[in-house]
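The values are calculated or read from the model by the stated rules, or taken from the named source; none is laboratory data. Computed from a predicted structure; not experimentally measured. Cβ placement follows ideal geometry from the backbone for every residue including glycine, while neighbour counts extend to all protein chains displayed.
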Amino acid sequence: MLVQFNDGIDESTNREVIALYQYLQASDLFEYLIPAYNSLTIGLDKEKLSRKEAQAQIEAFDFNSLQSAIKPKNYLIPVCYEDAHALDIKEVESLTGLSRDKIIELHSQKTYHVYMLGFLAGFAYMGQLPGNLQVPRKDKPRLSVPKGAVGLAGAQTGIYPCEAPGGWQIIGATPLELFDPTVLEPNLLNPGDRVRFRSITVDEFKLIEIKIATGIYELEYFDD
């Protein structure tokens, strides 16, 4: 089944999608649930739940309970914007007319909403970028984007959870692990979570890598 909300991409609609997703997920009656920008894909096992029963459960959801349904985590993610990790910073400077410092300032002062996961396991689509920081994808995608790369594409920003091909404009990188298939909850970020970025140096990037490798790194969070 597909529950379609509208054709737009906005946080208000996406919060409704996520609220319904969390409500149905708690029932443990569905084979899978895949939230997107403005829709929810639902997988049914007809031996557990008929299509009619599923529809009734969906229609019974009270969207007035939206605020209490969503329980986001507020992650503060360290990002190194220095040359070693900012592969496309010069191109973004050219496209936007902004200095490197202004690009970093604009990117790190916003709070981003995680709309959905896709493209790669653990890849979170986050928005919205400030209007003057919105740039198109690269004309020619890279065959290999480094793990942890932080990129821009249109109104959104995202982090590559692993090395992969891609066309986002890379302005930095984080040492954090975004996806770990060996644990019960493999994704660091989930739909509905909120993210802010904190600028770090190359040395701090390396230190966090060491802490992660030795199991002593503690995730950072921000207050509302």
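So the values come out like this:
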read-out	value
Among (1) assigned to a loop (DSSP other than H, G, I, E, B); (2) in contact with a Pro (Cβ under 9 Å, 6 or more places away or on another chain); (3) surrounded by fewer than 17 Cβ atoms within 10 Å (Cβ to Cβ), the one test that L143 misses	(1)
Among the candidates A149, A155, residue that is within 20 Å of Y37 (Cα to Cα) and under 16 Å from the mean Cα position of the chain (by Cα)	A155
Test: residue in the stretch 184-197 that is more than 17 Å from M116 (Cα to Cα), surrounded by 15 or more Cβ atoms within 10 Å (Cβ to Cβ) and at pLDDT 95 or above	yes
Whichever residue in the stretch 101-118 is outside any strand (DSSP E or B) and more than 18 Å from T174 (Cβ to Cβ) and, among such residues, is modelled with the lowest pLDDT	G118
Selected residue [of a type outside the set (F, W, Y), within 26 Å of K206 (Cα to Cα), in the same structural domain as N190 (by TED's automatic domain parsing) and free of Cβ contacts under 8 Å to residues at least 12 places away in the same chain] from D88, D83	D83
Members of the stretch 9-32 found to be at pLDDT 90 or above, surrounded by 17 or more Cβ atoms within 10 Å (Cβ to Cβ) and not in a helix (DSSP H, G or I), listed by number	F30
Exclusive hit being modelled with pLDDT of 95 or more, out of contact with any Gly (no Cβ under 8 Å at 6 or more places or on another chain) and of a type in the set (A, V, I, L, M, F, W, C), set I216, I159	I216
Checklist (1) among the hydrophobic types (A, V, I, L, M, F, W, C); (2) over 18 Å from the mean Cα position of the chain (by Cα); (3) over 14 Å from P78 (Cβ atoms) applied to A164, failing item	(2)
Residues located in the stretch 178-224, provided they are part of a loop (DSSP other than H, G, I, E, B) and either among the small types (G, A, S) or more than 30 Å from D10 (Cβ to Cβ) (or both)	D180, P181, T182, V183, L184, G192, T201, T214, G215, I216, Y217, E218
Failed condition for Q134, given (1) under 23 Å from the mean Cα position of the chain (by Cα); (2) more than 20 Å from T13 (Cβ to Cβ)	(2)
